[in-house]
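For reference, the structure is listed below as structure tokens.
The values are calculated or read from the model by the stated rules, or taken from the named source; none is laboratory data. Everything numeric in this text was worked out from a predicted model, so none of it was measured. Cβ: placed from backbone, ideal geometry, glycine included. Neighbour counts: every protein chain shown. Accessible surface is based on the protein model in full, side chains and every heavy atom, while ligands, DNA and RNA are left aside. Shrake-Rupley method; radii C 1.70, N 1.55, O 1.52, S 1.80 Å.
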Amino acid sequence: MGLTREGYRIVVAGAEGGPSGVDGVGGGAGADVVDEVYEHCSLERPLARLAELAGQSPDGLAVVLDSANGIMDAPLAALGIPVLRADPPLLTDGRTTASSLAALGRSRRGALTALPPDGWTMAGREDGIAAAEAACAPVERELAEQGMLLAGGGGVAPLVALTFDDGPHPEYTPQVLDVLARYDAPAAFFCIGLHALAHPGVVRRIAAEGHLLGNHSWSHAYLPDLGPIGLREQLGFTADTLARAVGTTRASSWLRPPYGGRSPELLRAVAGMGLTTVLWDVDAKDWSRPGPGIVADRVLRAVGPGSVVLMHDGGGDRSQTVAALPGVITGLRRRGYRIVGLDELLAARPARTF
């Protein structure tokens, strides 16, 4: 399963040692028996096709992704389809094509990482990810002093920013926007480019109602794996899509790296592109769907002056986030906090002390 600038590409490779068939289509050893592109569409269409192919495959179907594709693994696991991840150095510039991923699944399956059904995209790489993030402290301090990084917390004034990741979603993002409008609360929405491509009208509504748009990569990529070309594609494709949706030359100067994944080299590269990196200090963990009351309680217990709150408007069922949001907003205001945009929070807070 690969990605293009216009959407998703599915390639099914034939077996290494002989013919393979999907729905009666034959292929010689190593032949691609399916090669299909799904453009400008929601994730549901390629997912439905993969489920169909899995049901038709006599030998079963496994999907190979690279670490630049973090939006497919959980939905595939929910469908019961095994997922394998390709990591560097199997990749070129941190990413590769659908045909190359299919070939890796056929000929180098042992070099791939099988993701646990209840795990996350980067399972098995936790130690390396933690080490890369720990090495970032000096660069984060430098960029915070330059106003090019906002980590959350450490503020003096009772200001809080609400942020939402992984949208836009055609159902849940409008519901989040309805709640924000009802309570006259600003927020920032960090959009996945592929989702913005499929739902430009939702992007336009976000901007029209005065909220900030942010870049969350093209496909929820683990950005430190990418080389210069891959990084420019992931961030540039998304920036272009957001700009087209709202009719401007540049729709956002804010980046949230998926998973908060970062390295010193990545942070410097992002700053060189003129993007301010936004992390967070309060994680609602609404993706775990513990119940609206628990989501709201997590935020209200952890918040402090200058906090950046992480929630989600896409990437799955976000009905609990919508239900929790009124309690989050009213609870913050009862505690004396003013909900502001990222730009105001960045301007008002001192440089973070690391």
Output the relative contact order of the range 238-354, whole-number percent, from Cα pairs under 8 angstrom with separation of 6+ residues. 18 percent
Burial order of peptide ranges 53-60, 117-124, 250-257 (average beta-carbon count within 10 Å, highest first): 250-257, 117-124, 53-60
With r as the distance between the Cβ atoms of GLU44 and ARG204 and R0 = 22 Å, compute the FRET efficiency 1/(1 + (r/R0)^6) and round to 0.05. 0.55
Hull-based mean projected area of the range 270-354, where the convex hull spans the alpha carbons, in square nanometres: 6.7 nm²
Per residue, in Å², the accessible surface of the chain once ligands and nucleic acids are set aside, probe 1.4 Å: 40 Å²
Applying the Karplus parametrisation 6.51 cos²θ - 1.76 cosθ + 1.60 with θ = phi - 60° to the phi angles of the range 250-261, what ³J(HN,Hα) value in whole Hz is obtained for each residue in order, glycine and proline being reported as x? 8, 9, 7, 10, 10, 10, 10, x, x, 6, x, x
Which whole-Hz ³J(HN,Hα) couplings does the range 146-158 yield from phi under the Karplus relation 6.51 cos²θ - 1.76 cosθ + 1.60, θ = phi - 60°, glycine and proline marked x? 8, x, 10, 8, 10, 9, x, x, x, x, 10, 6, x
Tell me the Kirkwood radius of the chain: reciprocal of the mean inverse pair distance over distinct alpha-carbon atoms, in Å. 21.0 Å
Dipole magnitude of the chain about its Cα centre (Cβ charges: Lys, Arg +1; Asp, Glu -1), debye to nearest 20: 900 debye
Residue list for the range 265-282, given a label point 7 angstrom along the Cα-to-Cβ vector of THR248 and an amide N cut-off under 20 Å: 271-279
Mean Cβ neighbour count within 10 Å, used as a protection proxy, ranking 76-85, 332-341, 97-106 highest first: 97-106, 76-85, 332-341
For TYR222, what residues show an amide H to amide H distance below 5 Å, using hydrogens built from the backbone and excluding near sequence neighbours? ALA68, ASN69
Long-range tail of P(r) for the range 81-174 (Cα pairs > 20 Å, %): 64 percent
Computed FRET value (nearest 0.05) for ARG5 with GLN146, which takes r as the C-beta separation and R₀ as 35 Å: 0.65
